[in-house]
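The values are calculated or read from the model by the stated rules, or taken from the named source; none is laboratory data. Here the structure is a predicted model, which is why all the values come from computation and not from measurement. Counting neighbours? That spans all protein chains shown, and the Cβs are built from the backbone with ideal geometry, glycine included.
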C-alpha cells in the first residue's frame with residue numbers, strides 16, 4: 001500500500017441506526033417551552049410499542065450468553081492465550097488495569113474471551129453481571145440470573161432479607177438449567193468490580209454453578225486479592241496494535257499511513273483515546289485538517305488541558321493521552337453537541353439507553369435525539385447497538401456527569417428525567433410482575449432515579465431538621481424545588497414499592 005493512501009476502514013461504513021425507527025412509536029405532543037415527554041401515556045406507550053431487547057425470549061428458559069465484543073476489537077492475542085491457559089487450569093482470573101488506568105480495554109477483553117469460548121465450545125453458557133462503581137443491588141443481579149432458568153422468578157421475602165438464601169436458590173436453578181439445556185462448563189464474568197461492590201460480587205460467586213470458571217474485571221489489584229482471583233494486568237496496546245485499530249476505525253481514504261503512525265504514537269496505546277481520536281479524524285475533510293488535529297493533540301500533551309481538573313479515576317498515574325483526546329473531541333463538537341453529551345451524565349452508569357431515554361434527558365423530539373445520537377456516535381462519544389439502542393463507556397459517562405455539574409445543569413436535567421421515569425413507574429408497577437418484561441431494559445434507569453430522589457428528599461428534610469430543635473427558629477416555607485423533590489420521591493416510592 002502506498003504511504004500516502006489507504007482504503008476505507010470501518011469508520012466509513014453507514015450508521016446501522018440510520019434507517020431504524022424510534023422505539024417511541026409516535027411523536028410526543030408539543031407544549032410551550034419544549035416537548036411533552038414526561039406524561040406516563042407517552043412513556044409507557046413508547047416502551048410497550050418498542051422492540052423487546054431482553055436477551056432471552058420472554059417466558060422461555062434460555063442459556064445465558066455474553067454481550068458481544070466491540071466489532072473493532074484488535075490484538076491482545078497474548079492476553080487471550082493466557083486467559084485460555086488459566087481458564088483451562090481452573091484458575092479464577094481478575095483482568096486488571098496496569099496502574100489502575102481506566103479505559104484500557106478490560107471489559108472488551110473479557111467480552112472477546114467469552115465470545116470466543118462459546119464459539120469454540122469451551123463454554124456452554126456465560127453468566128455476566130456488571131457491578132460498577134456504585135453499590136449494586138445484589139437482589140436484582142441474582143434475580144436476573146435466576147430468570148434464565150425460571151422466567152417468572154421472584155425472590156421471596158426471606159431471600160430479600162437474607163441474600164445468601166437467594167444465592168443458594170439461584171445456584172440450584174442455574175445448575176438445573178445447565179444440565180437440561182446447555183450441558184458443559186459455564187463461564188461467570190463479574191465486570192467492573194469496585195471496593196463498594198465486593199460484597200455483591202461474593203454473593204454472585206456463591207450463585208455460580210458448580211465447576212464454572214470465574215473471571216472478574218477491575219481497576220483495583222486490591223479487589224482482585226479480596227476476591228481471591230489471580231490478577232492479569234491489561235497493558236497499553238502496542239504501536240502495531242494501535243495502528244491496526246486506527247485503520248479499522250478511520251474511514252477517510254485521504255488519511256496517510258504516516259498520520260496513522262503519528263496518531264498511534266500520540267495516543268500511547270490507550271484504546272479509548274484511540275477510539276476518540278479516530279472519531280475526530282473521521283470529522284476531517286482532508287489530510288491538511290488531520291495535520292491540524294495532530295498539532296492540537298501535540299499542544300495538549302505539552303501544555304495540559306482544562307480536563308486535567310477532572311479527578312474521576314483511581315489510577316496511580318494520570319493518563320494524559322485520554323484526557324487530551326477527549327478534550328479535543330469535546331471542544332470540536334460545538335455547543336449543541338456538548339450540551340447533549342453533558343446531559344447523558346444523568347443516565348445510570350454502565351446502563352444501555354435508547355432514543356426515548358435520550359429524548360427525555362435532552363427535552364427534544366425523538367427524531368432530533370436520533371440525529372444527535374448519530375453525531376455523537378460518529379465522534380465515538382457513544383456506541384450504537386442497533387435498533388435505536390446505545391451504550392457509553394463508563395468513563396465517558398463520568399466525564400459527562402462531572403461537566404454537567406460544573407455547568408450547573410445537572411439538577412435541571414435530572415429533574416426532567418426523574419419526572420418521566422416516575423411516570424413510567426406509576427404506569428407500570430401497578431401491574432403484575434409477569435407483565436414487566438418490556439420495561440426490563442429500563443430498570444437501571446429507575447434505580448438511578450430512585451437513588452437521586454432519595455438524596456433530594458434527604459437533603460430537603462435534613463435542612464428542616466434544625467427547626468425541630470428545643471429552641472426552634474422561625475420555620476421557613478419549603479421552596480418549590482423542595483416540594484417537587486418530596487412529591488416526586490413519594491410518588492416514586494409508592495409506584496416502585498412492589499419492585500423494590
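In the stretch 252-261, of all residues being closer than 17 Å to residue 378 by Cα and buried (at least 17 other Cβ atoms within 10 Å of the Cβ), the one that is modelled with the lowest pLDDT corresponds to 252.
Close Cβ contacts (under 8 Å, 6 or more residues apart or on different chains) running from residues in the stretch 138-164 that are on the phi > 0 side of the Ramachandran plot and in contact (Cβ under 8 Å) with a residue 24 or more places away in the chain to residues that are surrounded by 13 or more Cβ atoms within 10 Å (Cβ to Cβ) and not in a helix (DSSP H, G or I) are absent. So, in the stretch 80-107, of the ones that are in a helix (DSSP H, G or I), in contact with a helix residue (DSSP H, G or I) (Cβ under 9 Å, 6 or more places away or on another chain) and buried (at least 21 other Cβ atoms within 10 Å of the Cβ), which residue ends up modelled with the lowest pLDDT? My answer is 107. Taking residue 206 as the residue in question, decide whether it is in contact with a helix residue (DSSP H, G or I) (Cβ under 6 Å, 6 or more places away or on another chain) and without any contact (Cβ under 8 Å) to a residue 60 or more places away in the chain. Yes: the conditions hold for residue 206. Residues being assigned to a helix (DSSP H, G or I), surrounded by fewer than 23 Cβ atoms within 10 Å (Cβ to Cβ) and under 21 Å from the mean Cα position of the chain (by Cα) are represented in the stretch 188-196 by at least one member.
Scanning the stretch 108-136 for residues that are surrounded by fewer than 17 Cβ atoms within 10 Å (Cβ to Cβ) and within 20 Å of residue 197 (Cβ to Cβ) gives 134, 135. For the stretch 221-237, taking the residues that are more than 21 Å from residue 112 (Cα to Cα) and in contact (Cβ under 8 Å) with a residue 60 or more places away in the chain, the one that is surrounded by the fewest Cβ atoms within 10 Å (Cβ to Cβ) is identified as 228.
Filtering the stretch 199-230 to residues that are part of a helix (DSSP H, G or I), within 21 Å of residue 109 (Cα to Cα) and under 19 Å from the mean Cα position of the chain (by Cα) leaves only 201.
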